[in-house]
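The values are calculated or read from the model by the stated rules, or taken from the named source; none is laboratory data. Small disclaimer: the values here were computed from a predicted structure and weren't measured. Here the Cβ positions follow ideal geometry from the backbone for every residue, glycine too, while neighbour counts run over all protein chains shown.
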Amino acid sequence: MIGIDIDAKQLKRLAESVSAAKKSLTKELAAAINAVSKKTKLEMGREIRATINIKKDEAEKPLSIRAAASPQSLQAVVSLKKTPRLGLRHFGARQDKRGVSFKISKVGGRGRVDGAFMGPNPKAVNINWRGNAFKREGAGRLPIVQIKGVSAYGAYVKNNLAGPQVEAVNAELTKQIERRINLNVLRASGLVKT
């Protein structure tokens, strides 16, 4: 849970503009908080993708806005659900003579698992086998285990991406409240009819 700070002078200006426009202060604050939560979710997905080589859908799948702000409850909750680690097919796994190579980190090079092999091609019965990498464990030919990379949750926690998020949330809230002040000034002058 991230705590946010609201500037008292800015809040007073918002209250004055809201009363001039004959609107509700709590509704305007809830709208600003919801805009911040949407932006925070978007930024969290971007930070995950900046750290690991993952597609947008996979990075944003565990992210959600669990609770939106309302005039009765001025808080929103953006959550990052713990998810299982992804197979190497999400990280560009490629078969070569020595094994399987993949690229997880955006900064490092490709990793390799010697002796690994790619799963069956498109005619595979089990969809989870397609494009994933496997290796044999033990002395015999069995068991065969799937090689996994990281999850979006793991990348976020391991790289401590929550720290910079606090400053970004505070800056975005200041910006959104300023937008609401400007909107209500325009409403009070009759230039905007919403």
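Values computed for the structure shown
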| quantity | calculated |
| --- | --- |
| Whichever residue in the range 141-170 is farther than 18 Å from Val36 by Cβ and free of Cβ contacts under 8 Å to residues at least 40 places away in the same chain and, among such residues, is nearest to the chain's Cα centre (by Cα) | Val157 |
| Among (1) at pLDDT 90 or above; (2) of a type outside the set (A, V, I, L, M, F, W, C); (3) not in a helix (DSSP H, G or I) - the single one Arg179 does not satisfy | (3) |
| Residues within the range 35-56 that are farther than 20 Å from Lys158 by Cβ, in contact (Cβ under 8 Å) with a residue 24 or more places away in the chain and either hydrophobic (A, V, I, L, M, F, W, C) or touching a Gly at 6+ places or on another chain (Cβ under 7 Å) (or both), tallied | 2 |
| Counted residues, the range 182-194 - those being surrounded by 13 or more Cβ atoms within 10 Å (Cβ to Cβ) and part of a loop (DSSP other than H, G, I, E, B) | 1 |
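Residues checked against (1) within 21 Å of Ile177 (Cα to Cα); (2) modelled with pLDDT under 90; (3) not aromatic (Phe, Trp, Tyr):
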site: Ala35; (1), (2), (3): yes, no, yes
site: Lys55; (1), (2), (3): no, yes, yes
site: Leu80; (1), (2), (3): no, yes, yes
site: Gly87; (1), (2), (3): no, yes, yes
site: Phe91; (1), (2), (3): no, yes, no
site: Gln95; (1), (2), (3): no, yes, yes
site: Gly109; (1), (2), (3): no, yes, yes
site: Pro120; (1), (2), (3): no, yes, yes
site: Ala124; (1), (2), (3): no, yes, yes
